[in-house]
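All remarks here apply to the structure that follows.
The values are calculated or read from the model by the stated rules, or taken from the named source; none is laboratory data. The shown structure was predicted, so the numbers you read here are calculated from the model rather than taken from an experiment. Neighbour counts are summed over all protein chains in view; Cβ atoms, including those assigned to glycine, are modelled from backbone coordinates with ideal geometry. Heads up: the accessible areas ignore ligands, DNA and RNA and are worked out on the full protein's heavy atoms, side chains in. Shrake-Rupley method; radii C 1.70, N 1.55, O 1.52, S 1.80 Å.
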Amino acid sequence: MKSALFLGLLAVASMAHAATYTLKVKATAKSAYQVQADITTNLPDGASLSVNLGLANQKPSDAFIGTDFQTVLVKGGRASILIDGTKRVMPVGSKLPAGTYDVEVSFYPNWEANRAVASRLGLQAPLEAVTQVRLGASGQSVSAAQNKIELQRWVRLNVNSGDRWDSAYYVAKLGPYTPLQLESGNPRVLKMLYFPKIDMTFMVNVVKNEIVVWRSGKANR
C-alpha cells in the first residue's frame with residue numbers, strides 16, 4: 001500500500017508537471033458579431049479545445065448570455081477559429097447585446113477526445129485562457145437584453161393555456177402589444193398579440209377571455 005506521503009508527493013509532482021502546459025488567446029473583433037480567436041499553446045497536436053463567448057461580469061444567478069462552445073484542434077502549437085455571435089447563441093433564439101465579452105478557451109482532460117493526451121501529459125485539471133473583446137452586436141444594451149431574457153423566462157414558467165387574459169396586467173408586466181393578422185381561425189374569436197419588448201406573441205380567445213398559447217417571435221397562427 002502506498003503511503004500518504006508518497007501519494008502527496010505524487011500529486012505535487014503531477015501538479016507541477018501540469019503547470020508546464022499553457023494556453024494563451026488573442027481575440028480580434030472582425031464585425032459586429034464575429035470574433036477571431038488565435039490560440040497559442042504547448043499542448044501537443046490533436047488536443048481538442050473548447051472556445052466560446054460569454055458576456056463579461058455575469059452573475060451566477062443571471063441567465064447566461066453568450067455562445068455555446070465550439071471545438072478546435074491544436075496543430076503546431078496553434079489553433080484559430082472564427083466565432084460567429086449569430087450562431088449557437090444562448091439563450092436560444094436571442095441576439096447578443098452590445099458589450100464586452102470574455103473569449104474563453106479551455107482544455108478539458110476528461111473529454112473523451114482528450115483522455116489519451118491528458119493521461120500521457122499527466123493533466124488532471126482543466127487548462128483555461130480568457131481575454132476580452134468589445135462587440136457592437138445587436139446594439140441593444142446589456143440591461144435591456146437581460147430584462148428581456150428574464151421576462152421571456154417568466155412567460156415560459158408562468159403563462160399557460162387557459163389562463164385568464166388580463167390586458168392591463170400583461171401590458172404592465174410585458175409592455176404594450178401590437179395586433180398581428182391571424183392566418184388560421186376566426187378573427188372574431190382569436191387575436192394574435194405581439195409584445196415587442198420580449199419578442200413574443202400571445203394567441204388570445206377574446207370570447208372566452210383566455211390565453212390559448214404563446215409563441216416566440218412574431219406569429220400569425
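Scanning segment 62-83 for residues that are open to solvent by 30 Å² or more (accessible area, probe 1.4 Å), under 14 Å from the mean Cα position of the chain (by Cα) and over 13 Å from Tyr101 (Cα atoms) yields a total of 4. Within segment 35-52, not a single residue is in contact with a Leu (Cβ under 8 Å, 6 or more places away or on another chain), within 23 Å of Val142 (Cα to Cα) and open to solvent by 70 Å² or more (accessible area, probe 1.4 Å).
Pick from Ala144, Ala125: which is closer than 29 Å to Met200 by Cα, in contact (Cβ under 8 Å) with a residue 12 or more places away in the chain and not polar (S, T, N, Q)?
Ala144
For Leu193, the criteria (1) surrounded by 12 or more Cβ atoms within 10 Å (Cβ to Cβ); (2) outside any strand (DSSP E or B); (3) modelled with pLDDT of 95 or more; (4) under 29 Å from the mean Cα position of the chain (by Cα) hold in every case but one, which is (2).
Could you go through segment 209-219 and let me know if any residue there is assigned to a helix (DSSP H, G or I), at pLDDT 95 or above, on the phi < 0 side of the Ramachandran plot and open to solvent by 10 Å² or more (accessible area, probe 1.4 Å). The answer is no; no qualifying residue exists. Screening segment 99-188 for helices (runs of 4 or more DSSP H) wholly inside it with 3 or more residues that are over 28 Å from the mean Cα position of the chain (by Cα) returns the ranges 115-121, 167-174.
Restrict the check to segment 112-132 and report whether at least one residue is touching a helix residue (DSSP H, G or I) at 6+ places or on another chain (Cβ under 7 Å), small (Gly, Ala, Ser) and closer than 30 Å to Glu150 by Cβ. There is no residue in segment 112-132 that is touching a helix residue (DSSP H, G or I) at 6+ places or on another chain (Cβ under 7 Å), small (Gly, Ala, Ser) and closer than 30 Å to Glu150 by Cβ. Taking segment 196-208 as the range and being closer than 16 Å to Gly185 by Cα, among the hydrophobic types (A, V, I, L, M, F, W, C) and either within 21 Å of the chain's Cα centre (by Cα) or assigned to a loop (DSSP other than H, G, I, E, B) (or both) as the test, the residues that pass are Val206, Val207.
Please work out which residue is least open to solvent (accessible area, probe 1.4 Å), limiting yourself to segment 88-103 and to residues that are among the small types (Gly, Ala, Ser) and modelled with pLDDT under 95.
In this case the residue turns out to be Ser94.
Within segment 81-101, residues that are within 17 Å of Ser143 (Cα to Cα) and among the polar types (S, T, N, Q) have Cβ atoms under 6 Å from residues that are assigned to a loop (DSSP other than H, G, I, E, B) and open to solvent by 10 Å² or more (accessible area, probe 1.4 Å) in these pairs: Thr100/Ala56, counting only partners at least 6 apart in sequence or on another chain. When segment 122-134 is filtered for residues that are out of contact with any Phe, Trp or Tyr (no Cβ under 6 Å at 6 or more places or on another chain) and surrounded by 20 or more Cβ atoms within 10 Å (Cβ to Cβ), the ones remaining, listed by number, are Leu123, Ala129. Say we look at segment 135-175 and pick out the residues that are open to solvent by less than 70 Å² (accessible area, probe 1.4 Å) and among the acidic types (Asp, Glu); which of these is farthest from Met90 (Cα to Cα)? The residue in question is Asp166.
Remark: Leu182 matches the filter, which requires a residue to be buried (at least 16 other Cβ atoms within 10 Å of the Cβ), more than 21 Å from Val92 (Cα to Cα) and of a type in the set (A, V, I, L, M). Residues of segment 160-200 that are hydrophobic (A, V, I, L, M, F, W, C), touching a residue at least 12 places away in the same chain (Cβ under 8 Å) and out of contact with any helix residue (DSSP H, G or I) (no Cβ under 7 Å at 6 or more places or on another chain): Trp165, Leu180, Leu182, Val189, Leu190, Met192, Leu193.
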